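The values are calculated or read from the model by the stated rules, or taken from the named source; none is laboratory data. No experiment lies behind these values; they were computed from the predicted model shown. Quick reminder, even Gly has a Cβ in these numbers, built from the backbone with ideal geometry, and neighbours come from all protein chains shown.
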Amino acid sequence: MKTRKVPVNSVIARQSSTYSVRQHILLVMQRLTIVDAHLISAVPSELVGRTTSILSHLQAPGALDEDKPLDFITHMHQSRPYTHWCREITNVAKEVFWIFMHHSNIITAPSIPEDSRPYHKRHFPPPQAPVPAAPHVGGVEYDATRYMAAHLDLMNGLIAALPTRSARNTLRAELEISGFERLMGGKLRLCREKYYAVIHDAIRTWLAAAAEDGWPTADVSRGPPLPVSTLGASGLAPKLGLPKLDLGVDRGEQDKQDDAWL
């Protein structure tokens, strides 16, 4: 009897609450922590090289020669180098979709006092704070959000490690076109801070660093704007009105008849 092999990714996606997957998530989190420590321990002269090396591993693999499109199609194609990385976080968010329901959330950048330290030390993400025991701690939502926050911390650390504003904004542009800002503002922003503060803290770190570099932050802080097709001519969401039905009945006479028994 032949047995069908199931891809590992589909097993992870369908059984996100099993202990084996939680262990997998924790192991990846440990790997990401090692990468963060690798950046923290670097001297400024080595920081750019290490950052570039890590980013090269996070980029989507290039197509094989036989799978590459024609040259004129390649020139029209817009590069999205970090779509695979973004998709990894998006897939985890889909597995715990029920926690992203607070559409009125607005995450603002923290006020940073005057600090003479270098940029990469001011905006490097701090380690995730320990969480006291609570009913929600240890569940699949808790593990998933800490795993996603570890990815955001890695992203913030890589941005902060670049030496110039132009280099940081170039990386932000590549991350934006790959879907990271839409993911943060349109999905991750919607979880409740009381239970999933690590997500909010990671987004605040991104907002503070981006604001200092002059990068627009409204779509992440408040969410992306509604598509134009859903707005009316005035730019406001359309209002649904009740239909008016003409049944051929004079309401004045009908009201008098209804009140006659009184």
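If I filter the range 123-139 for residues that are part of a helix (DSSP H, G or I) and at pLDDT 80 or above, do I get at least one hit? No, because not a single residue in the range 123-139 is part of a helix (DSSP H, G or I) and at pLDDT 80 or above.
Matching residues to (1) under 26 Å from S79 (Cα atoms); (2) buried (at least 19 other Cβ atoms within 10 Å of the Cβ):
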residue: G138; (1), (2): no, no
residue: Y147; (1), (2): no, yes
residue: H151; (1), (2): yes, yes
residue: I159; (1), (2): yes, yes
residue: R168; (1), (2): yes, yes
residue: K194; (1), (2): no, no
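Give the residue that is farthest from the chain's Cα centre (by Cα), with candidates limited to residues of the range 140-187 that are touching a residue at least 24 places away in the same chain (Cβ under 8 Å) and outside any helix (DSSP H, G or I). Applying the filter and picking the extreme gives P163.
For the range 136-162, the set of residues classified as among the hydroxyl-bearing types (S, T, Y) and over 15 Å from R189 (Cα atoms) consists of Y142, Y147, listed by residue number.
For (1) buried (at least 21 other Cβ atoms within 10 Å of the Cβ); (2) of a type in the set (S, T, Y), each residue gets a yes or a no:
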position: I89; (1), (2): yes, no
position: N105; (1), (2): no, no
position: H120; (1), (2): yes, no
position: Y142; (1), (2): no, yes
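Yes or no: the range 106-115 includes at least one residue that is small (G, A, S), outside any loop (DSSP other than H, G, I, E, B) and touching a residue at least 60 places away in the same chain (Cβ under 8 Å).
no
Can we say W98 is loosely packed, with under 14 Cβ neighbours inside 10 Å, at pLDDT 85 or above and either assigned to a helix (DSSP H, G or I) or among the charged types (D, E, K, R) (or both)? So W98 fits the description; yes.
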